[in-house]
Amino acid sequence: MKPILIVALASAMALAACSSQEAQTVENAADNQADIIDNQADRLEEAADNMTGAAAMNAENQADKLENQADKVRDAGENKADAIDAHK
């Protein structure tokens, strides 16, 4: 539950930093997509808890990849929002 709270607070702080509605919309879309990916990673980690050996390790590795992908999506959204604000 704490990671969700941290993500929510980070998102709120990031939105406060945006000065245009267009930038907020871009950042919201990226955050929403990243949340979907994070949820997939969470479900995969839960499934890995019921696995053993190589299967569990593979599932954990896939979950880590999804989490990294979610971070990249968030970063890209933030960078695009910053670029939008820089041109305003």
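What follows draws every value from the coordinates through simple rules; no lab data is involved. Here the structure is a predicted model, which means the values were calculated and not measured. For neighbour counting, all protein chains shown are included, and Cβ atoms are generated from backbone atoms with ideal geometry for every residue, glycine included.
Among the residues making up region 56-88, those that are assigned to a helix (DSSP H, G or I) and either at positive phi or of a type in the set (Lys, Arg) (or both) are Lys65, Lys72, Arg74, Lys80. Could you grab the pairs with beta carbons closer than 9 Å, sequence gap of 6+ or different chains, first residue in region 32-48 and more than 9 Å from Ala63 (Cβ to Cβ), second one among the β-branched types (Val, Ile, Thr) and crowded, with 17+ Cβ neighbours inside 10 Å? From residues that are more than 9 Å from Ala63 (Cβ to Cβ), the pairs are Gln33/Val73; Ala34/Val73; Ile37/Val73. Each residue in region 32-88 was checked for being surrounded by 16 or more Cβ atoms within 10 Å (Cβ to Cβ) and hydroxyl-bearing (Ser, Thr, Tyr), and 0 pass.
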